[in-house]
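Peer 1: What follows is a single structure, and I will ask about it in a moment.
The values are calculated or read from the model by the stated rules, or taken from the named source; none is laboratory data. These figures come from a predicted structure and were not determined experimentally. All Cβ positions, glycine included, derive from the backbone under ideal geometry; neighbour counts span all protein chains shown.
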Amino acid sequence: MVLFLASIAVRGGAQTSTTASPPSDSVGSRSVTSERPRLGRNTTWMIAGALGVGVTVSMFDARLLAETRLLGNHAEMDRGSAIGNAIGGPGPIALGVGLYATGRVMGNGFATATGREVMRAVVVSGGLTALIKGVVGRSRPFASPGDADEYSPGHGFMTSARASFPSGHTSAAFAAATVLIREIDAQHPRARLIAGPLLLGSATFVGFARVYDQQHWPSDVVVGAALGAITGYEVVAHARGDRSRIGAGFLSHFVLSRRDNALDLGWSLRR
């Protein structure tokens, strides 16, 4: 899948440029504004909708998780869930790094910018997820069997067993998928018919695997998916200049550069 998406990005970038240019980690012709960051109206509705769906699903968490454990052959399901966990773990950030590196090596601005946006989306969604996990302190299914309403506010920072809500694997998977879908749709529209279902299906599979392994309640996955998708949507919107950049002192100064034989990753706090 990584090679397939990288080839789409490289071909798409080649179609938009007829002259060679030095590798760059900038967004090229995308505009940069000095306005304060803000969420779009559509994003606000997405957040409200996600919260509504999450609350509804949470009412049936225990039942849904129990029914998930009854699906299929346990040996086959265990193998499948292990794959899903691997995809949602290092997969999203590795995909972003791979696209970014491909763009840098080949001098392809589109692949470079897309990889950079994937990394941004995964990092931001991961940070938000970690903060919410710590504050909410919801117990994972294996830590409170049958009881989806066990919370220890603040304890999510101290132990993973109390860091169920929301799902970080699912958040990262949907963040990366959303960025890629939006960029592929804009640059290579025909490929979206293949890339869209493949990316969303893979991200959904990650969420299912987390529930099956009793690492998360279904509502954790629903909210994690929404958080990742909204983050990915916003990162692309800001990169395109659809609205102001996210955090002038944060994302707009995301640093990824080469020095000697090393790769520097960080943020600059300058304005």
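Peer 1: Find the residue count for the stretch 51-79, including only residues that are basic (Lys, Arg) and at pLDDT below 90.
Peer 2: Let us first name the residues in the stretch 51-79 that are basic (Lys, Arg), namely 63, 69, 79.
Checking which are at pLDDT below 90 leaves us with 69, 79.
Final tally of qualifying residues: 2.
Peer 1: Could you please tell me which pairs satisfy a Cβ distance under 8 Å, a separation of 6+ or placement on different chains, a first residue in the stretch 59-74 that is on the phi < 0 side of the Ramachandran plot, and a second residue that is acidic (Asp, Glu)?
Peer 2: Ala62/Asp147
Peer 1: Regarding Phe110, is this residue within 21 Å of Val235 (Cβ to Cβ) and at pLDDT below 95?
Peer 2: Numbers: within 21 Å of Val235 (Cβ to Cβ): yes; at pLDDT below 95: yes.
Yes.
Peer 1: Return the total of residues in the stretch 118-129 being closer than 15 Å to Leu95 by Cα and either in contact with an Asp or Glu (Cβ under 7 Å, 6 or more places away or on another chain) or hydrophobic (A, V, I, L, M, F, W, C) (or both).
Peer 2: Qualifying residue count for the region: 5.
Peer 1: Something else now. Filter the stretch 89-145 down to residues that are within 15 Å of Ala163 (Cβ to Cβ) and more than 20 Å from the chain's Cα centre (by Cα), then give me how many there are.
Peer 2: Here the count works out to 10.
Peer 1: Shifting gears a bit: What about Gly207, is it closer than 20 Å to Leu131 by Cα, crowded, with 20+ Cβ neighbours inside 10 Å and touching a helix residue (DSSP H, G or I) at 6+ places or on another chain (Cβ under 9 Å)? Write out each step before concluding.
Peer 2: Numbers: closer than 20 Å to Leu131 by Cα: yes; crowded, with 20+ Cβ neighbours inside 10 Å: yes; touching a helix residue (DSSP H, G or I) at 6+ places or on another chain (Cβ under 9 Å): yes.
Here the answer is yes, as Gly207 does meet what is asked.
Peer 1: Let me ask another. Looking only at the stretch 90-134, which residues are touching a helix residue (DSSP H, G or I) at 6+ places or on another chain (Cβ under 7 Å) and β-branched (Val, Ile, Thr)?
Peer 2: Ile93, Val97, Thr102, Thr112, Thr114, Val118, Val122, Val124, Thr129
Peer 1: State whether the residues of the stretch 146-153 include one that is in a helix (DSSP H, G or I) and over 16 Å from the mean Cα position of the chain (by Cα). Show your work before the answer.
Peer 2: Kept after step one, since they are in a helix (DSSP H, G or I), are these residues of the stretch 146-153: none.
Among the residues of the stretch 146-153, not one is in a helix (DSSP H, G or I) and over 16 Å from the mean Cα position of the chain (by Cα), which makes the answer no.
Peer 1: Take the stretch 199-226 and flag every residue that is over 14 Å from Gly88 (Cα atoms), among the hydrophobic types (A, V, I, L, M, F, W, C) and part of a helix (DSSP H, G or I).
Peer 2: Once the filter is applied, which keeps residues that are over 14 Å from Gly88 (Cα atoms), among the hydrophobic types (A, V, I, L, M, F, W, C) and part of a helix (DSSP H, G or I), the stretch 199-226 yields Val222, Val223, Ala226.
Let's see how each residue does on (1) at pLDDT 95 or above; (2) surrounded by 16 or more Cβ atoms within 10 Å (Cβ to Cβ):
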| position | (1), (2) |
| --- | --- |
| Ser81 | no, yes |
| Gly88 | no, yes |
| Gly91 | no, yes |
| Arg104 | no, yes |
| Thr129 | yes, yes |
| Val135 | yes, no |
| Ser144 | no, yes |
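Peer 1: Of all residues being among the charged types (D, E, K, R) and not in a helix (DSSP H, G or I) in the stretch 231-250, which is modelled with the highest pLDDT? Just the residue, please.
Peer 2: Arg240
Peer 1: Got at least one residue in the stretch 187-196 being assigned to a loop (DSSP other than H, G, I, E, B), touching a residue at least 40 places away in the same chain (Cβ under 8 Å), touching a Phe, Trp or Tyr at 6+ places or on another chain (Cβ under 6 Å) and more than 22 Å from Val123 (Cβ to Cβ)? Write out each step before concluding.
Peer 2: Residues of the stretch 187-196 assigned to a loop (DSSP other than H, G, I, E, B): 188.
With the extra rule that they be touching a residue at least 40 places away in the same chain (Cβ under 8 Å), the set shrinks to 188.
The next check asks that each one be touching a Phe, Trp or Tyr at 6+ places or on another chain (Cβ under 6 Å); those that pass are none.
For the stretch 187-196, residues assigned to a loop (DSSP other than H, G, I, E, B), touching a residue at least 40 places away in the same chain (Cβ under 8 Å), touching a Phe, Trp or Tyr at 6+ places or on another chain (Cβ under 6 Å) and more than 22 Å from Val123 (Cβ to Cβ): absent.
Peer 1: If you don't mind, another one. Going by what's in this entry, would Ser167 be described as crowded, with 24+ Cβ neighbours inside 10 Å, of a type outside the set (A, V, I, L, M, F, W, C) and closer than 29 Å to Arg63 by Cβ?
Peer 2: On the way: crowded, with 24+ Cβ neighbours inside 10 Å: yes; of a type outside the set (A, V, I, L, M, F, W, C): yes; closer than 29 Å to Arg63 by Cβ: yes.
Yes.
Peer 1: Kindly list, by first and then second residue, each pair from a residue in the stretch 156-176 that is at pLDDT 95 or above to a residue that is in a loop (DSSP other than H, G, I, E, B) and buried (at least 24 other Cβ atoms within 10 Å of the Cβ), limited to pairs with Cβ atoms under 6 Å and residues at least 6 apart or on different chains.
Peer 2: These pairs meet every condition: Ser164/His216; Ser167/His216.
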